[in-house]
Structures are given as structure tokens and as C-alpha cells.
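Everything on this sheet refers to the single structure shown next.
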Amino acid sequence: MRWQWLVVVMSGVLALGSPVLGQGIPSPETGSSASVGSVSADGNGLRPEGDWLLPLPSSADRLDAVPERGWLAVGLLEAQAVALLDGASGDPLWQVAVGFAPSVVRVDAARQVVYASGPNAPGVVALDLLTGGLIRAYGLPAGVLDMAVDPARGRVFASMPAAQSLAVIPAPNGPGEGSEQPQARNLPLPGPPLALAYDPERGSLFIGLAGEDPLSLLVVNPDNGELLARWRGGNTPEAMALDAQRQRLVVLNSGSQDLTVLDLGRSGEALQRIGLDWRPTRLALSPDGRWAYVTSRNSDRLQIVDLEAGRLAASLRLEGQPTGLVRLGERELWVVAAGIPALRRLVDVDLQAQVGEEGTEEVASAGNRGVVTGRVLDIAGQPVQTGVLRLAATATQLQQTVRIAADGTYVLPELPAGLYLVDVEVPGFPPTSTQVEVRAGFVSTQDIRLPPGEPARQPEGIGLLPDEPVYSDELARHLSLALKELQPQRPVLLLKGPLGPDPRFEPLLALVQDLTLLDRDERYTADLDKLKAIGNALGLRYILLTHLQISRDYNRQGSPLLNTALRFLAPAIPVEIPNFTPNQLRSRGVVVVVDLQRDQPGDRARYYEAYGQDDVGGEPLFEDAAAGLFRLQVRNMVPVFIQQWQANNPFAG
């Protein structure tokens, strides 16, 4: 008798169904062939050498392998089932219905458990690796995008983007460990989690977050959910693979279309950033960690990356759009394509990438070239006048060096379509790297913005930057005029005034958004470095931050006579015209003087104060009249600040 265990959904809770007679699915003991595949085996039950295609009952997405036994775990999407296949013969060992599309499967070979879930699954099911029998079903608050296994403790981690949390699933109880099964725990995260990877040596879990945050990689202690670190990964890290032998983490970034290789021994220091020609989907590593295999949902290519050389080595054309893939043994790579009910086995793809054997297709051709041009700009948005761009070598393109013109422009000549890594070298700026995208048949424009660099000359200027409250820009404007007389030897720049930001400062506005310069002890925070970057870009030695506080303790009640007349004219409109008695108008001006060369984070800030008031009284005033009095108070504060600076010169450095 052949058995097939069914897992059905009952009222939203996963439950074990009844065993039924098998339908052409052999038990693991028999090893007999079944009707799942139509490719014939030889007399020994083994498939022929070389590449071949294995038909499946439906399409699949992610795969996992049991290298010690040569088995493959496959989630069958349309069939809503999980199958275990023998990689040597292609025969199914078992197939189990799970009641949802299992787009992700993970194998815990040490405990002989197969875990399956998906974005639309009500939870995670744990199946016996040998028989396919249901061990345990875990209900979760949202669908699962990726899973990782802790081989030492048997835990499983599941990312749930919709719930913005991580599920920590304990190992099912074994025989003699009690009947009460442990429950899954949910850990909240600062963003939607995508890819997962577990480091058994450190006991840390790596989590890739969706979005464009440069610190997109979390390092978490799964025991208590403690956030240990945030590392710089890439845009939308959709897959990760741990190279335990070389202590590296390879991150696949679909948003930025590249691979990031991080050094685990150096707190996630980025070793390489490798551009890809097509937007990536899934990732697998060779057993020795040299090669990375990348599929793309938008193309028919399998991209092979040489991690030692740090470049895309080759591109193989496959049928359909390859998605899931897994390495099995020293020679085999198994791949599935979106919507195609088949598994493809590729043999010795490393050699094809290394020596260019038949089957390897060059990425470039004469008809898919393009040109990239643009300008190289400093942090202030001004074009640089000299420097070079060095285009990194690829599998189809030699290294090139392009000079930056005197007006800051550059032109990268005709290149095969794809992403390229460009090293930018400009005197006075630290070396930097960026990516440029070449589109086939197009002349693309891409400006390159340099990070803050050392200024060419000693900065001596004074810049004034107002806070957001009203009239702070008025105070900055009046002080800028006074400082030109007080410090005629220094250029004075009003960074932002009543008419808006200075054009030279406008490209730097992002640096002062959400700026928190002082802590509660009136000491500089790390945001001081943002002001230093502005100073270096604009040649400023000092930046003065202005702030104005006002209080309007005056009568806001409307004039009785005026409002009575208004009701006669427009009785249907319940409007009162207010008046303002300017008997108690108060203002306080504060100016923080920042020496960009001497001040450091943690130093106590130097600030100066001046006050304004109006107790004259008089006839009731409207808002515009009160505003005029406040502006007059601001103007009268300027001599007070000048006197303080003449007595104790903060610009003597």
C-alpha cells in the first residue's frame, strides 16, 4: 500500500487529514519510479550525465537540498503540495498536499524535517523528511516570504513582511519530550523583512529590510529579539547566502541590482559590490564559496558571478524566466523557471563560466550597446574641473579610464547594456565608487555626486542658517548685514532667508532636514558633521544658527462695535473679526555660533541671547500690525548681539 498524507485547512487552522491510497506516489522504501516525470532513467534508475529537464506536476519557486542524500525539496505552487525528489534518478520519494502554494521550503537535515510556507499561507507546516508525514503546523499572523534554519537548536525563522515581524519557531518535540508543543514567537521589526540568513557560529540572524534605507541589514539576537547592529547592505535585499567557510555574507539586492559581499569578521564591512546586468531574484553559492548563481525574474538569464574576481563572469540563456535554484553536490545546479512545470539540472556551470565552454553566451552583442554621459558634482552641486573615471572590467569589457572635462562632464563610450561599477578620482575628494546603467540603444544621462571632501583652501566664511519658527529668517537676514560690517575680512553668506535658500546652499538642504544639533545638556550631537560638510562645500569657517521664540499674550477678542456691524451686513456668516492689543508682545532671540574647525560632538555649545518686548498699549491691532512689532523687535536685537560679539569675539579663530 502506498500512502499520501494530506494537510487540509479547517476554519483557518492547519490540521492533519486522513491517509488515502497513494496515486502513483511510491513510499520512500520502495524507490520505484512514478509518473511525475517523463524523462526515462537507465537500467540502474539513474538519469544520464549532463544537463536534462525533469517535468513536475506544477511550477515551483524556491528549492532546498539534502546534499548528504542527494535529495531535492520542491514546493509545487499550483498543486499546493510539497515533493521530495531523488536528484540522481529524478524519481519522487513522496508528495504531500498542504492546502496553500508553498513558495518557500527549507530542510533541517539534522532533525529530518521539511518546513514549507508562502506569502498566502496561514502558517508553517513541518513535514517528516523520510515519509512526508505531518509533524506540526504553526499558525502565524501573516504570510511568509523567506525562512532560515538554526541547525544546532532546530529553530526556524520566518520573515512576515505584511506583519513587519519575524516568527521564531521552535523545534517540534521529539519522542519522550512531552505532548505540549512549544508555540511560535513573533518579534517586531523596524521595517518589512525580506531575506533571512542564520549564522550558527555567532548565533546571529541576518534580516534584510525592504526599502531604500542604506542600513538595510539587521543583525538580531533571535533569543530575545535584541537588535545587535545595522549594516550597510543594498536597496531591497531580497536574498542572502552565508559562506561559513570564508565568513562572508552575500546579499542580493534587487532594488539596486547588485550583489554585496560583507565580511562577518569585520562587523559587516563591505568587501565588494558587484553590479548585475538584470534585476536579480534568487541566489545560490557554490560549495567552495567562489561562485554565486543569480536568477532574474525579468530575463531568461542565469548570471554567474566570480566572487574572487568581483565581477560578472558569464551569463547563460535558459528557457523561461529562472527563479528558484539550489546547488546539489559538487557539480549540479538545479533551477526552476516561473510558470514552467519542470526542474532543470545544469552540470559544471562553474567550468562554463571559467573557460567559456559551449553553452555560455556573452552578455554583450553589437546591437545592445549604449552611452552614458553626465556631470561630476561636488556636494554643493557645483561641477568639478578635473579628475578621472575608471570603469571596472567585466566579463565582456576591459577596464577603461575616462577623463572629466573642465566643465565637469564625462562621456562613457558605447558599452554593452547593463550595470557598471565606476571608480571616481577627483583631487581634494576621497575616492568613491558608483554604479552607472547602460541602456541598449540609448544615451543615458547620470550625474555623479561626490561625498564631502577636504576643501582646496582654508574656509574663512560665515554662514547664517535660521530655524523653522517664524521670524528666525528675519533675524538671520539682519545679522548677515551687520556681520558684513563687523567682519569685513570674511565672506558672509545667508544660507536661507525670507526669500528662500541661497542657490549655492539649495543642493545641501537635505543635510539640515531633521537636524538635531544639541542634546538636552546643550552639547553638540553627531549631526555636527552635517554642518561641517556644508562648511567644506561652501568655504565656511563658522555657521550661525538663529532661533526666535515669541509669545502673544494679548487680547484676541473681537471689537464689539465692528462685529455688531458685520452681523447686520452678513447675518448668515458667523464670523468675528479679532483684534490684538499689543500690550504684552514678547520675543527671545538665540544665536548658536558653531566653529566648524574647533567644535566637536560632545562639546558644549556657545550661544547668545537677546530679548524684545512691547508694553506700549494703544488701539486694538490686527495680526499684520502685531507682526510688524515683532519684526521691529527682531531688528532691535541685532545691536545687542553685535555688542556681545565685540566684547567677546567668537570669530577670533
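Figures for the structure shown
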quantity: Hey, R47 open to solvent by less than 30 Å² (accessible area, probe 1.4 Å), at pLDDT below 95, within 20 Å of L325 (Cβ to Cβ) and part of a loop (DSSP other than H, G, I, E, B) or not; calculated: yes
quantity: Among the residues listed as V411, V422, the single one being in a strand (DSSP E or B), within 24 Å of S254 (Cα to Cα) and at pLDDT 85 or above; calculated: V422
quantity: Condition met for L333 (assigned to a strand (DSSP E or B) and either touching a Phe, Trp or Tyr at 6+ places or on another chain (Cβ under 9 Å) or without any contact (Cβ under 8 Å) to a residue 24 or more places away in the chain (or both)); calculated: yes
quantity: Matching entry among L271, L262, L227 (being part of a strand (DSSP E or B), aliphatic (A, V, I, L, M), out of contact with any helix residue (DSSP H, G or I) (no Cβ under 9 Å at 6 or more places or on another chain) and buried (at least 19 other Cβ atoms within 10 Å of the Cβ)); calculated: L262
quantity: Candidates R297, R311 - the one that is open to solvent by 40 Å² or more (accessible area, probe 1.4 Å), over 25 Å from L218 (Cβ atoms) and in contact (Cβ under 8 Å) with a residue 40 or more places away in the chain; calculated: R311
quantity: Subset tally (residues that are modelled with pLDDT under 85, surrounded by fewer than 20 Cβ atoms within 10 Å (Cβ to Cβ) and over 18 Å from G535 (Cα atoms)) for region 436-491; calculated: 11
quantity: Residue check for R282: over 30 Å from G339 (Cβ atoms), open to solvent by 10 Å² or more (accessible area, probe 1.4 Å) and among the basic types (K, R); calculated: no
quantity: Region 66-81 - residue that is of a type in the set (A, V, I, L, M, F, W, C) and more than 32 Å from the chain's Cα centre (by Cα) and, of those, nearest to Q112 (Cα to Cα); calculated: W71
quantity: Flag if W94 is open to solvent by 20 Å² or more (accessible area, probe 1.4 Å), of a type in the set (A, V, I, L, M, F, W, C) and either under 30 Å from R155 (Cβ atoms) or modelled with pLDDT of 55 or more (or both); calculated: no
quantity: Count of region 97-112 residues which are under 18 Å from V326 (Cβ atoms) and open to solvent by less than 10 Å² (accessible area, probe 1.4 Å); calculated: 4
quantity: Enumerated strands (runs of 3 or more DSSP E) restricted to region 117-178, each holding at least 2 residues that are buried (at least 22 other Cβ atoms within 10 Å of the Cβ) and not aromatic (F, W, Y); calculated: 123-128, 146-150, 155-160, 165-169
quantity: Filter result (of a type in the set (G, A, S) and either open to solvent by less than 20 Å² (accessible area, probe 1.4 Å) or in contact with a strand residue (DSSP E or B) (Cβ under 8 Å, 6 or more places away or on another chain) (or both)) within region 314-348; calculated: A314, S315, G320, G324, A337, A338, A342
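The values are calculated or read from the model by the stated rules, or taken from the named source; none is laboratory data. No experiment lies behind these values; they were computed from the predicted model shown. FYI the Cβ positions are ideal-geometry reconstructions off the backbone, even for glycines, and counts take in every protein chain you see. The accessibility values were calculated without ligands, DNA or RNA, using every heavy atom of the protein model including side chains. Shrake-Rupley method; radii C 1.70, N 1.55, O 1.52, S 1.80 Å.
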